[in-house]
Structures are given as structure tokens and as C-alpha cells.
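Undergrad: Below you'll find the structure I mean.
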Ligand SMILES: NC(=O)c1ccc[n+]([C@@H]2O[C@H](COP(=O)([O-])OP(=O)(O)OC[C@H]3O[C@@H](n4cnc5c(N)ncnc54)[C@H](OP(=O)(O)O)[C@@H]3O)[C@@H](O)[C@H]2O)c1
């Protein structure tokens, strides 16, 4: 079977083979902790060459030690030079990128009132959650299109759809990430590049703990959660693998909910 991701899987035998990523190169941003670290481990387990990116170099170094053949690139994805360095490092080591997981993100401190959002806070959130993924997708998507295929997975949130004025900049950045997902899906689909997103509910990571450690916020969340529990990184990683791989070959522009059913 060809290792290049085409617009359609070349063989359909064992359906589980559709989830394999043997020989494909996967870039995972925000892989120094939480969801990104789990994604990196999962795609490595199904045969991918993995490139992990984030700012904390030491954590990345520990991760690549556990994932033979993988590469760490310490970058601040809000910076153009760093994004260029990431793409160059991935292409230099593996020749090209088949899958990009735009997972790096920040959730800012809560503001008393939305009208108090400072421009500095706005810029910081938009730079990491939106500008970084946009320009990384543009650069890598252009290369994927030239090769005739690829998959981009953006990590979004239910906060994009549920108004939370205390973290308005975060909500807005992720709502824009959803729009970005659909725009790139239309733009790059004809060249075989699929672009999808995962809309996460509260997941047990450092970021999720912000909600989980606040009894009132946790109780409010449980009221609207039919599954009555938090999600775990492996549950999001399984969905990311589905979207990254040929298992989802006929899907693009979708925002898949992994949120315990809060929007049901
Ligand atoms: N956990 C949840 O409940 C939840 C819910 C909905 C959506 N999400 C989304 O899931 C994604 C992952 O979050 P998480 O829950 O796994 O939290 P996390 O453990 O805090 O992970 C965030 C990751 O983003 C990286 N990052 C932040 N700023 C960066 C920058 N400027 N450049 C490069 N990397 C940067 C961090 O690495 P460094 O600090 O090393 O740079 C870290 O690896 C985020 O996009 C988040 O919005 C999470």
C-alpha cells in the first residue's frame, strides 16, 4: 500500500487497517502536555513518523525519547520564524508532512467582565489559538495540496458554541478556528487535503483542571452533561486518529463533538 495519503484509500481489506499511519509524517503541536502528548503517542503507536512541537523543550525531549524515530522542535507557534522552523525541520527529516494536528492552545485567565478584556490578552489568545493554526495550515496545506493529499485536524472546543463572557477571547478564537476549518476544507478539498476539527468538552488535562478544580464550575458543567463525567485525553486522541487517517477519507469540513453530549 502506498504511504502517500490519497483522496481515497487504495485498498479496503481489514477496516482497522484504515486507521494505520505507517510511514506517514504527523506534526502535532502543543505536544509537551495534555492532549497533544497523547496524540503523539497514539499516532506513533500506529506507525507514524512524529514531529512534536511546543515551547517546553525539556518535555518534548522526554517525549521523543519514548517515541523512537520522532523529532522534537521547540517553537512558539505565535511567531512566524518559529512556524517556518517547524515546517523546515519536519520536511528536512521526513521529506513532507501528511498530517497536521493543530492542538496548541491557551485558555486565558477569566475576566470579571467581557468589556474588561485587554488588547494584550486578546492578541495573546488570538496569536496562539488562531493565527498560529491559520498560517501553519496555510504553509503545510499548500505543500499537502502539491503532493495530492493530507489531513489537518484542528482542536476546538464547545466554548466556540456556548457563550462564556468570562473567557470571551477564547470562545471567539475557537469559533474562528471552526470557521477556518470549513474555509480550508473548501479550498484544499479539490487537491485531496481534508480539514476537520474536534470540538472538545472538558477533558482531564492541565487546562481542563481549571474547571474541574472549581466545584461550582464543575457542578454547572455536570448539569448539562448527559454522560455525567469528564472526558479523558485518550477519548479525544481516538477521534483525532480517526480524522487523521483514511478511516475518515470521505469527511472534510466537519466539527466532531467529543464533549459528553453537552450540546445534545
Ligand atoms: N482540556 C480541556 O478541557 C479542553 C477543552 C476544549 C478544548 N481544549 C483544547 O485542547 C488543546 C490542548 O489543550 P490541553 O487541554 O491539552 O491543555 P495543555 O496541557 O495546557 O496543553 C496546551 C499545549 O499548547 C502548547 N502551547 C501553548 N502556547 C503555545 C505556543 N505559543 N507555542 C507552542 N505551543 C504552545 C503547550 O505547550 P508549551 O507550554 O510547552 O508551549 C501545551 O503543550 C487546546 O487547543 C485547548 O484549547 C482543551
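Every number here is computed from the coordinates shown, using simple stated rules; none is lab data. Here the structure is a predicted model, which means the values were calculated and not measured. Neighbour counts are summed over all protein chains in view; Cβ atoms, including those assigned to glycine, are modelled from backbone coordinates with ideal geometry.
Undergrad: What's the percent breakdown of Cα-Cα distances in region 68-177 across 10 Å bins, shortest bin first?
TA: 14, 41, 28, 14, 3
Undergrad: From largest to smallest, what semi-axes in whole angstrom does the chain give when each is the square root of 5 times an eigenvalue of its alpha carbon gyration tensor?
TA: 29, 20, 18
Undergrad: By per-residue mean of other Cβ atoms within 10 Å, what is the highest-first order of 22-28, 99-105, 245-251?
TA: Going by the mean number of other Cβ atoms within 10 Å, highest first, we get 99-105, 22-28, 245-251.
Undergrad: Each label point is 7 Å from the Cα along the Cα-to-Cβ direction; what then is the distance between the points at residue 164 and residue 183, in nm?
TA: Inter-label distance under the simple model: 2.4 nm.
Undergrad: Here is a further query. Can you give me the distance in nm between label points at residue 247 and residue 118, each placed 7 Å from the Cα along the Cα-to-Cβ direction?
TA: That separation, rounded to one decimal, is 4.4 nm.
Undergrad: Which angle between 0 and 90 degrees, to the nearest 10, do you get for helix 132-147 versus the longest principal axis of the chain when only C-alpha atoms count?
TA: The answer is roughly 20 degrees.
Undergrad: Among 118-128, 80-90, how do they line up from the highest to the lowest mean number of other beta-carbon atoms within 10 Å?
TA: Top to bottom by mean Cβ count within 10 Å: 80-90, 118-128.
Undergrad: Measure out, as a whole number of angstrom, how far apart the alpha-carbon centroids of region 31-104 and region 181-207 sit.
TA: 18
Undergrad: While we're looking at this one, here's another question. Measure nothing fancy, just the Cα-based angle from helix 168-188's long axis to the longest principal axis of the chain, in degrees from 0 to 90, nearest 10.
TA: 20
Undergrad: So if we plug the beta-carbon distance of residue 214 and residue 84 into 1/(1 + (r/R0)^6) with R0 = 35 Å, what FRET efficiency do we get, rounded to 0.05?
TA: The computed FRET efficiency comes out at 0.35.
Undergrad: Sticking with the crude label model, points 7 Å out along Cα→Cβ, report the distance from residue 228 to residue 17 in nm, one decimal please.
TA: Each label point is offset 7 Å from its Cα along the Cβ direction, giving 4.3 nm.
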